[in-house]
Ligand code: TXA
Ligand code: MG
């Protein structure tokens, strides 16, 4: 199949609308990462997402909506906590898991009785969702297990020839995927950390929020079972910033690269910047991994920032390296 890459304007949005109505898959930008979207009520179309990504069918998708009203047609029970999250944090880089309406297809939720719902804040995502007029289920627009795409060019690397249309928008401002907050249980659970932190959510809900590991690992998202965010080259993580260890890694591995914040920039020519802080780290991480894999045989990520703002990136990089810490 030929893949068109088009700037976002009236004409390309009309074409996107036509493809979505025809049961096709369209890639679009959001403030977090690019998404691979299909009409959430069209099972045949949803299955095409799983094929294009090579995604296991039991890993559920997030349903993206243009407005808050649409949440009520997707969730069967919009809890008081959900209303608070909608009021204070949506639109934005957060996803809520709620009990689903029976009309949401099995393939969207991987057979669960809950559904993940997100309202992106990016004006380009909003333009796409408003133009197509359906709730759009969308995972990140990468091949399964690869780093998520934060530019249209990343999407093209993975999806060329597999989908008919990539909407060419801006690079994603946030850079890591939304915080996933499960509000379908007795206590609120963060299933995936993101740029919206535990403290921010606790301030909005006025109560404590938990990570599943603190309670019961079986409460984790289905997605946690699978390999994630891995570059093509063998990748390691360092979390203590020990200069000697970093230098030893770079000198003992031929053609090794370093992904880290700028204070480590002088250690090698093959340096891929995470900027200065947790926010720039999130913004840069996936592009850095995709740039590095093209020119390195081995890769070291140094992520020694601490604090909850740094958790989102830590969650991604620990998976990128398959848990290999030096
Ligand atoms: O920022 C984002 O969330 C991006 C953009 C495109 O919106 N989307 C994204 O989708 O990251 P994806 O499919 O790559 O990640 C969705 C995560 C997975 O870990 C999945 O297991 C979890 O959300 N998830 C989806 N539905 C769920 C449900 N009903 N219960 C628990 N976890 C769910
Ligand atoms: Mg993903």
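May I ask for the angle, rounded to the nearest 10°, between helix 10-21 and the longest principal axis of the chain, with both axes built from Cα atoms and the value confined to 0 to 90°?
Result, in degrees: 70.
Restricting to DSSP H runs of at least four residues, report the calculated mean residue ellipticity at 222 nm for the chain, -39500 (n - 2.57) per run over all residues, nearest 500 deg cm²/dmol.
Only helices count here, giving -9500 deg cm²/dmol.
Testing the spin-label approximation: label points 7 Å from Cα along Cα→Cβ at residue 207 and residue 252. State their distance in nm.
Once both label points are built, they end up 5.1 nm from each other.
Out of the DSSP beta bridges found with both residues in the chain, what percent are antiparallel (nearest 5)?
Counting DSSP beta bridges with both partners in the chain, the antiparallel share is about 40 percent.
Helix 80-89 versus the longest principal axis of the chain: what angle, 0 to 90°, nearest 10, using Cα atoms?
Compared with the principal axis, the helix lies near 60 degrees.
If you build a Gaussian network model of the chain, linking Cα atoms that sit under 10 Å apart, which residue out of 253, 238, 142 swings the most?
Of 253, 238, 142, the most mobile in the Gaussian network model is 253.
For the chain, what relative contact order do you get, as a whole percent, if you take Cα pairs closer than 8 Å and at least 6 residues apart?
The normalised contact order for the chain reaches 20 percent.
So for 154, 106, fewest C-beta neighbours within 10 Å to most, what's the order?
By the 10 Å Cβ count, ascending: 106, 154.
Using only Cα atoms, find the angle between the long axis of helix 311-320 and the longest principal axis of the chain, and express it within 0 to 90 degrees, rounded to the nearest 10.
The angle comes out near 70 degrees.
Among 172, 233, 107, rank each residue by its count of other Cβ atoms within 10 Å, from fewest to most, as a rough exposure measure.
Ranked by crowding around the Cβ, least crowded first: 233, 107, 172.
Please arrange 86, 96, 119 by counting, for each residue, the other beta carbons lying within 10 Å of its beta carbon, fewest first.
86, 119, 96
Bear in mind that the values in this text are calculations on the coordinates, not laboratory data. Nothing here was measured: the structure is a model prediction, and the numbers come from that model. In this analysis, Cβ positions are derived from the backbone assuming ideal geometry, glycine residues included, and neighbour counts consider all displayed protein chains.
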